[in-house]
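We did not get these values from a lab; they are worked out from the coordinates using the rules stated. Predicted model, so just to flag it, every value in this text is computed and none were measured. Here the Cβ is made from the backbone with ideal geometry for all residues, glycine too, and neighbour counts use every protein chain on show.
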Amino acid sequence: MPHDIDILIEDSRWQDADLPALARRAIDATLDHLGLGPAELSVLACDDARIASLNGDFRDKPTPTNVLSWPEEDLSAAAHGAAPRAPRPDPGGTLSLGDIAIAYDTCAREAADRAMPMGDHVTHLLVHGTLHLLGYDHISDTDATRMEALEVEILGKLGLPDPY
């Protein structure tokens with residue numbers, strides 16, 4: 001299914017990490033696994049300083065993090081434990097999902113700490129961020145179990161190991 005993924009690379013190290021290919025692979029796999037599409041979303045590939053600023057502005061946590069997501073629409077379930085509701089397409093049939101930001105420094109550090117390839121870790125985080133756009137979260141244990149199980153299924157289809 002064709003998905004429109006707008007990628008803005010602010011930190012050139014993401015080019016060397018082949019973020020555009022990783023993003024398309026991870027996002028397409030996530031949306032296809034859930035039977036969704038066509039969809040549009042954007043990815044900001046930045047550094048720790050930029051994501052810390054965004055984290056401070058939007059979550060009142062002015063520290064770096066690996067990935068942030070801003071859904072176009074709140075799809076989260078009204079009560080935890082229930083699955084998110086399905087996104088509604090626009091009149092042309094496209095799902096507008098929102099934005100993801102991912103920080104190079106934190107991702108590289110986490111991948112090194114876990115002795116895993118950077119590409120595998122970034123793929124996982126982009127799957128994770130896309131699921132957040134779709135209303136999945138990990139606030140409650142039930143929600144976390146549901147979200148992690150989906151991540152493991154999607155990553156498995158991509159030939160990647162269980163990150164948990």
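Sort through LEU68, LEU97 and tell me the only one that's of a type outside the set (Ser, Thr, Tyr), part of a strand (DSSP E or B), without any contact (Cβ under 8 Å) to a residue 60 or more places away in the chain and under 22 Å from HIS138 (Cα atoms).
Values: LEU68 fails: without any contact (Cβ under 8 Å) to a residue 60 or more places away in the chain.
Answer to the check: LEU97.
Can you tell me which of THR106, THR123 is assigned to a helix (DSSP H, G or I), surrounded by 16 or more Cβ atoms within 10 Å (Cβ to Cβ) and within 11 Å of the chain's Cα centre (by Cα)?
Values: THR106 fails: within 11 Å of the chain's Cα centre (by Cα).
One residue alone meets the criteria, THR123.
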Discussion item. Cβ-Cβ under 8 Å, sequence separation 6+ or interchain: first residue in the range 145-164 and under 19 Å from GLY35 (Cα atoms), partner part of a helix (DSSP H, G or I) and among the hydroxyl-bearing types (Ser, Thr, Tyr). Which pairs?
Written reply: ILE154/THR30; LEU155/THR123; LEU158/THR123
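Rundown of residues vs (1) surrounded by 17 or more Cβ atoms within 10 Å (Cβ to Cβ); (2) out of contact with any helix residue (DSSP H, G or I) (no Cβ under 8 Å at 6 or more places or on another chain); (3) farther than 15 Å from THR130 by Cα, yes/no style:
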{"residue": "ASP28", "(1), (2), (3)": "yes, yes, no"}
{"residue": "LEU36", "(1), (2), (3)": "yes, yes, no"}
{"residue": "ALA49", "(1), (2), (3)": "no, yes, yes"}
{"residue": "SER53", "(1), (2), (3)": "no, yes, yes"}
{"residue": "PHE58", "(1), (2), (3)": "no, yes, yes"}
{"residue": "PRO64", "(1), (2), (3)": "yes, no, yes"}
{"residue": "PRO71", "(1), (2), (3)": "yes, no, no"}
{"residue": "SER76", "(1), (2), (3)": "yes, yes, no"}
{"residue": "LEU97", "(1), (2), (3)": "yes, no, no"}
